[in-house]
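Student: I have a structure here, written as C-alpha cells, and I will follow up with some questions on it.
No lab work stands behind these numbers, since they all come straight from the coordinates. Computed from a predicted model, the values in this text were never measured in an experiment. So basically every Cβ, Gly included, is an ideal-geometry build from the backbone, and we count neighbours across all protein chains shown.
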Amino acid sequence: MKKIPLEIVIPIFNEGEKVLKLMQLFEANIKSKFKVLFCYDLDDDNIFLLKEKLKLLSFEIEYIKNPSRGPCSAIKEGFKSGDSECVIVYPADDFLNINILDKMYEEYLNGSHIVAASRFVEGGSMKGCPIIKSIFVRTASFTLYYLSSIPIKDASNGFRLFSRKLLDEVEIESKVGFAYSLELLAKCNRLKYKISEIPAQWEERSEGSSRFKVFKWLPQYLKWYIYGLATTWLRRKKI
C-alpha cells in the first residue's frame, strides 16, 4: 500500500467539540492527501464521544495512546506510530492556520526537512501572550537567529513540519513540553539539512488553560538552546 504523504499529529486532552470543528475545516480546506493521528493521554478522553461523527470524514483518523503523560510523550508516540513522508504537529485549538498546511507541505517537497510556522516574520503574529511566556519565546528565538546559524526567526514554536528522514535519523531526547521541537531544529541545523519558515498566526487560547509550563520545562529548552549556539561557535558537528 502506498504511504500517505502527510500525517498531522495532534496532541489532545479533552478538547471536546472543537476537535470536530477543526476536522471539518481540515476536510474543507486541505488539498494535500493526509491522515490525522490523535495522540491522547486518557482512555476516557472526550474525543471518543465524537468517534462516530469523525468516521464520516473523508480522511483517515488514527488514535494513538500516550504511554506516559503530557504533550512531549504524546507527540513522540505519534512520530513513532506514523510512516508518512513527513509529519506536521498541529495544535488542537488552532483555527487560524489551516490555510498554511498545504504551503508547509509544498516547502517539504522543495527540499525542507523542517518547515516552521513562524510568528516573528512578516505576515506572522502573536497576540494575547502572557508576559513571561512572551519574553521567554521571543528572547530564545531572536538570540538564536542572530547569534547562531539557525536560519529561522521562531525557534520555539511547536507547530512544525518534520521530514520522516529527519525523524528516522535523529533520536529525540526531550521528555517535557515542546522541547522536542527546539531539539529537532538544533539537530537539523547541525546536520545542515534545509530549514524554512512561513508566516503563522498565534493567539492565547480563550478556553481552558494553557499547557505551557515555562519554569518546569526551562532546563530542557536551555539544553537545546545551548546546543544550537554550540553548533555555530564551537563548530560541533556530531549528533
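Student: Counting only DSSP beta bridges with both residues in segment 6-233, what percent are antiparallel, rounded to the nearest 5?
Tutor: Approximately 20 percent, going by the DSSP bridge assignments.
Student: Three principal axis extents, largest first, for the C-alpha atoms of segment 48-102, in Å?
Tutor: Here the Cα extents, ordered largest to smallest, are 28, 28, 23 Å.
Student: Something else about it: Give the residue from Gln201, Pro151, Ala74 lying farthest towards the positive end of the charge dipole for the chain; charges sit on Cβ (+1 for Lys and Arg, -1 for Asp and Glu) and the dipole is referred to the Cα centre.
Tutor: It is Pro151, whose Cα lies furthest towards the positive end.
Student: When the scattering of segment 138-205 is computed by the Debye formula from its Cα atoms alone, each counted once and equally, what is log10 I(q)/I(0) at q = 0.23 Å⁻¹?
Tutor: -1.14
Student: What does the charge count near Cys39 come to, summing +1 for each Lys or Arg and -1 for each Asp or Glu among other residues with Cβ under 12 Å from its Cβ?
Tutor: On the way: positive: Lys65, Arg69, Lys76, Lys80; negative: Glu7, Glu15, Asp41, Asp45, Glu62, Glu77.
Neighbourhood net charge equals -2.
Student: Now, a different point. Quick check for me: using +1 on Lys/Arg Cβ and -1 on Asp/Glu Cβ, what's the dipole size of segment 6-233 about its Cα centre, in debye to the nearest 20? Numbers along the way, then the final one.
Tutor: Details: 31 positive and 30 negative charges, 128 e Å.
It comes to approximately 620 debye.
Student: Around Val137, with a cut-off of 10 angstrom between Cβ atoms, what is the net charge of the other residues, counting Lys and Arg +1 and Asp and Glu -1? It would help to have the intermediate numbers written out before the result.
Tutor: Details: positive: Arg119, Lys133, Arg138; negative: Asp154.
Neighbour charge sum, excluding Val137 itself: +2.
Student: Sorted from fewest to most neighbouring beta carbons within 10 Å, what does the list Arg69, Arg190 look like?
Tutor: Working: Arg69 11, Arg190 20.
Going from sparsest to densest Cβ surroundings: Arg69, Arg190.
Student: Quickly estimate the mean residue ellipticity at 222 nm for the chain, helices only: each DSSP H run with n ≥ 4 gives -39500 (n - 2.57), and the total goes over all residues, rounded to 500. Working shown, then result.
Tutor: Details: 8 runs with 92 residues, N = 239.
When only DSSP H runs of four or more count, the value is -12000 deg cm²/dmol.
Student: Separate question: Of (i) 34, 25, 13; (ii) 27, 20, 17; (iii) 46, 17, 15, which is the value of semi-axes √(5λ) of the Cα gyration tensor in Å derived from the coordinates here?
Tutor: Checked against the structure: label (ii).
Student: Checking the a/c ratio against 1.5 first, then a/b against b/c, what shape does the Cα gyration tensor give for segment 90-140?
Tutor: prolate
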